[in-house]
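Sharing a structure, written as structure tokens. Questions coming.
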Amino acid sequence: MYPILPLSSTFGIPTYYLILSGTVCLCLWWLVRRSEQFKLSRKSTLDLSLIVMVGGFLGGRLFHVFYEDFPYYREEPIRIFQVWNGGFVFYGGALLAGLLALIYLFKKNKSNIKDYLDMFAPVLSFSYVMGRIACLLAGCCFGRYCELPWAFGGRHPTQAYAALWELGVLFILLGIEKAPRKKVGAVFYSWMILHAIGRLIMEYFRDDFRGPTLGISISSWISLLVILLGTYLLLRKPTHGGSTRS
């Protein structure tokens with residue numbers, strides 16, 4: 001594990017936040033390029049990016065605080081604001097960010113919602129790859145005990161499993177994007193399904209504290225719901241014309 005990148009004998013930068021900061025910069029650059037490719041508003045794209053970043057940060061933190069370890073934070077509420085100590089849940093961030101983004105799109109660009117979803121999908125996938133690499137270096141989201149040759153610190157490198165899976169998902173999405181006359185929204189719906197399958201695999205091997213469970217972790221239940229919803233949206237017949245993109 002390399003949680004801290006030392007710059008001197010007394011000062012270092014958290015590897016997790018360094019990677020995430022660089023990832024945000026790359027994703028913003030890529031989204032601007034993709035907004036031009038999709039002929040969508042650059043301003044709306046940047047507004048959505050800010051909404052996703054803020055919603056993701058708040059949702060991920062709040063889900064961790066109030067679901068995974070509430071007694072710890074209730075004991076000393078100031079800990080809620082000590083984000084440098086870690087404690088974020090991806091699905092918590094994704095749910096809040098997604099809700100806020102949809103509210104924005106319904107108000108500003110209702111007719112192009114699916115186009116924006118498709119535009120964001122590969123970028124979200126890439127950001128998840130980098131996020132899991134950051135988790136691997138930070139030592140969080142670790143797996144069960146493992147004696148296999150690729151064990152990391154004697155445990156399953158679940159972060160690496162998730163990153164490699166999502167990297168494959170990213171290439172699949174880019175391939176779907178190039179398909180002729182694809183259904184608008186298909187790229188994003190495919191990401192929902194494939195990402196959630198990968199998350200189920202990761203959850204199976206994880207061994208860190210996951211909060212209260214109902215047989216399986218809450219993230220596993222959410223993944224199953226995301227797979228069902230994504231499949232429904234992908235297979236649903238268009239309700240009006242103009243539902244394909246060449």
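The values are calculated or read from the model by the stated rules, or taken from the named source; none is laboratory data. Values in this document were obtained by computation on a predicted structure and should not be read as measured data. Counting neighbours? That spans all protein chains shown, and the Cβs are built from the backbone with ideal geometry, glycine included. Each accessible area value is taken on the protein alone, full model and side chains, heavy atoms only, with ligands, DNA and RNA left out. Shrake-Rupley method; radii C 1.70, N 1.55, O 1.52, S 1.80 Å.
What is the residue count in the stretch 48-100 for residues that are of a type in the set (Gly, Ala, Ser) and either more than 18 Å from ALA121 (Cα to Cα) or not in a helix (DSSP H, G or I) (or both)?
Of the residues in that region, 4 qualify.
Within the stretch 191-205, identify whether any single residue is hydroxyl-bearing (Ser, Thr, Tyr), over 26 Å from SER21 (Cα atoms) and assigned to a helix (DSSP H, G or I), and answer yes or no. First the steps, then the outcome.
Taking the stretch 191-205 first, the residues hydroxyl-bearing (Ser, Thr, Tyr) are 204.
Pick out the ones that are also over 26 Å from SER21 (Cα atoms) and you get 204.
Still in the list and also assigned to a helix (DSSP H, G or I): 204.
Among the residues of the stretch 191-205, at least one is hydroxyl-bearing (Ser, Thr, Tyr), over 26 Å from SER21 (Cα atoms) and assigned to a helix (DSSP H, G or I), which makes the answer yes.
Take LEU170 and decide whether it is touching a Ser or Thr at 6+ places or on another chain (Cβ under 8 Å) and either in a helix (DSSP H, G or I) or hydroxyl-bearing (Ser, Thr, Tyr) (or both).
It is true that LEU170 is touching a Ser or Thr at 6+ places or on another chain (Cβ under 8 Å) and either in a helix (DSSP H, G or I) or hydroxyl-bearing (Ser, Thr, Tyr) (or both).
Another one. Considering only residues of the stretch 93-115 that are touching a Ser or Thr at 6+ places or on another chain (Cβ under 9 Å) and under 17 Å from GLY56 (Cα atoms), which is most open to solvent (accessible area, probe 1.4 Å)?
Going residue by residue through the stretch 93-115, those that are touching a Ser or Thr at 6+ places or on another chain (Cβ under 9 Å) are 104-105, 108-109, 112, 114.
If we keep only those that are under 17 Å from GLY56 (Cα atoms) too, we end up with 104-105.
Numbers: TYR104: 36, LEU105: 5 Å².
Within the stretch 93-115, the match that is most open to solvent (accessible area, probe 1.4 Å) is TYR104.
Would you point out which residue out of ALA134, ALA151, ALA138 is modelled with pLDDT under 95 and under 15 Å from the mean Cα position of the chain (by Cα)?
Step by step, each of ALA134, ALA151, ALA138 is checked, and only ALA134 is modelled with pLDDT under 95 and under 15 Å from the mean Cα position of the chain (by Cα).
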